[in-house]
Amino acid sequence: MGATAGLSPEFDRLDRAGLALRLAEQPLRTLPAGRGEAAAFDDRLTGILRVGRPDTAERIVAVHLGPVPATGAEREVLLGTLRVWLDNGCPAARAAEALYCHRSTVLNRIARICELTGVPPESAAARPGWPLALRALPLVKAAETSGAGFAND
């Protein structure tokens, strides 16, 4: 039918129906229109955060990636390597295989990201922060291209 649907978390009291409705509306904003998909609130938390507060997306990128997105020619290589490295569970050998490069190349690129961000890859901040920032980055890029911009903190 091409309709989209948002699903709230379960609720057990009628007086929580209004809140459940508001929560069900939020994952809808993360779905493309007309594709006939359903999205559960709990499964779309990152997307809800990005769509609900685009200024937060910019801050997430700034906090977790720092100057990496502004590295010019290095940008796409560093971000692409980081994405593949994270998607493959962080072993350099697997990421190198997926990127068709040497393991030490992956390690050098990750080291460069660590140098720029000041965060070692094994830190508690890097593990949730880098993937979240990579997910938020397209929203920041879209705002930059549209000229909307976000407030800087």
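The values are calculated or read from the model by the stated rules, or taken from the named source; none is laboratory data. Predicted model only: the values in this text are computed from it and were never measured. Glycine also receives a Cβ, built like all others from the backbone with ideal geometry; neighbour counts cover every protein chain displayed. When the accessible area is computed, the model is the full protein with side chains, heavy atoms only, and any ligands, DNA or RNA have been set aside. Shrake-Rupley method; radii C 1.70, N 1.55, O 1.52, S 1.80 Å.
Quick notes on this structure:
- Per residue, the convex hull volume that the Cα atoms of the chain enclose (Å³): 164 Å³
- Phi angles of the range 99-112 translate, via the Karplus equation with coefficients 6.51, -1.76, 1.60 and θ = phi - 60°, into HN-Hα couplings of 8, 6, 9, 7, 3, 5, 5, 4, 4, 5, 5, 5, 4, 5 Hz per residue; Gly and Pro are given as x.
- Given the chain, longest segment not containing exposed loop trypsin sites (Lys or Arg not before Pro) (DSSP; at most 15 other Cβ within 10 Å): 36-153
- Look at where the Cα atoms of the range 3-42 and of the range 64-86 average out, and the two centres are 33 Å apart.
- Put a plus charge on the Cβ of each Lys and Arg, a minus charge on the Cβ of each Asp and Glu, and nothing anywhere else: the dipole of the chain about its Cα centre is then about 160 debye.
- Nonlocal amide H pairs with Ala40, under 5 Å, H built at 1.01 Å: Leu7
- Heavy-atom SASA rank of Asp12, Asp42 (probe 1.4 Å, accessible area, largest first): Asp12, Asp42
- Diagonalising the gyration tensor over the Cα atoms of the range 47-124 and scaling each eigenvalue by 5 before taking the square root yields semi-axes of 24, 14, 12 Å, largest first.
- Lys/Arg +1, Asp/Glu -1 at C-beta; the chain dipole; positive extreme among Leu7, Pro138, Pro32: Pro138
- Share of carbon and sulfur in the accessible area of the chain stands at 54%, probe radius 1.4 Å.
- Per residue accessible area of the chain, 1.4 Å probe, in Å²: 60 Å²
- Rounded to the nearest 10 Å², the accessible area of Phe11 at probe 1.4 Å: 100 Å²
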